[in-house]
1. Those residues that are surrounded by fewer than 16 Cβ atoms within 10 Å (Cβ to Cβ) and within 16 Å of residue 179 (Cα to Cα), I need them from the stretch 1-60; list them, please.
2. From 170, 137, which residue is closer than 22 Å to residue 6 by Cβ, under 17 Å from the mean Cα position of the chain (by Cα) and of a type in the set (Ser, Thr, Tyr)?
3. Please tell me if residue 15 is in contact (Cβ under 8 Å) with a residue 24 or more places away in the chain and more than 23 Å from residue 170 (Cβ to Cβ).
4. When the stretch 162-189 is examined, which residues are found to be surrounded by fewer than 18 Cβ atoms within 10 Å (Cβ to Cβ), modelled with pLDDT under 95 and among the hydrophobic types (A, V, I, L, M, F, W, C)?
5. Taking only the stretch 96-119 into account, find how many residues are over 11 Å from residue 162 (Cα atoms) and of a type in the set (A, V, I, L, M).
6. Quickly run through the stretch 57-68 and pick out the residues that are among the hydrophobic types (A, V, I, L, M, F, W, C) and assigned to a helix (DSSP H, G or I).
7. What helices (runs of 4 or more DSSP H) lie completely within the stretch 88-195 and have 2 or more residues being small (Gly, Ala, Ser) and touching a Pro at 6+ places or on another chain (Cβ under 6 Å)?
8. Consider the stretch 69-87. How many of its residues are surrounded by 14 or more Cβ atoms within 10 Å (Cβ to Cβ) and in a loop (DSSP other than H, G, I, E, B)?
Amino acid sequence: MTEHPDLAHGTDGLARCAWVGADPLQLAYHDTEWGRPVHGEAAWFERLSLEAFQSGLSWATVLRKRESFRSAFAGFDPDLVAAFTPTDRARLLADVGIIRNAAKIDATIRNARAVLALREVGGLEALVRAHRPPRHTRPASLAQVPATSPESQALAKALKGHGFAFVGPTTMYAAMQACGIVDDHVAGCHRADAG
């Protein structure tokens, strides 16, 4: 088997996007979640929140802490997180199971409140989906995968206009990839071949 720099081959013989590496958590995430459509307000809020926490860190770090994040942030139920108090904030800052970044914790609470406000104008999912690119070409290589897009820039601007924080264009492009708004499984990846 010829090695391709944009693909990693697992012990199961399947070719995957090279960013997966050998980490079992990332492998499972890649195969079962990444690039697949997400539905429901809490699911969207979780993905946007986790992408914000990932900023500046590895995705593997976030995946290892995902269940702790879910527990700490009430299953990412926006109604519950929006009601968090200074006592909850202190609890989160002391929680070794999550990434204890005060700005990201504050942004998550703020974003939950923004999610509630968005319900009056169609909701979070509708806003994100409205920024789907009219056409998206599957990348042939990792070099063709952008860090941002005009749509992720517009989405970041729209979310910020609704009071969201930690939703820059790069973070929003990563969220668009994760949630199936764009499909950036590289050519040759078994998920790309699955359609």
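1. 28, 32, 33, 36, 37, 39, 40, 43
2. Of the residues listed, the single one that is closer than 22 Å to residue 6 by Cβ, under 17 Å from the mean Cα position of the chain (by Cα) and of a type in the set (Ser, Thr, Tyr) is 170.
3. yes
4. 187
5. Here the count works out to 9.
6. Result: 59, 60, 62, 63.
7. Fully inside the stretch 88-195 and qualifying: 150-161.
8. 4
The values are calculated or read from the model by the stated rules, or taken from the named source; none is laboratory data. The shown structure was predicted, so the numbers you read here are calculated from the model rather than taken from an experiment. Heads up, the Cβs are rebuilt from the backbone with ideal geometry, glycines too, and the neighbour counts pull from every protein chain shown.
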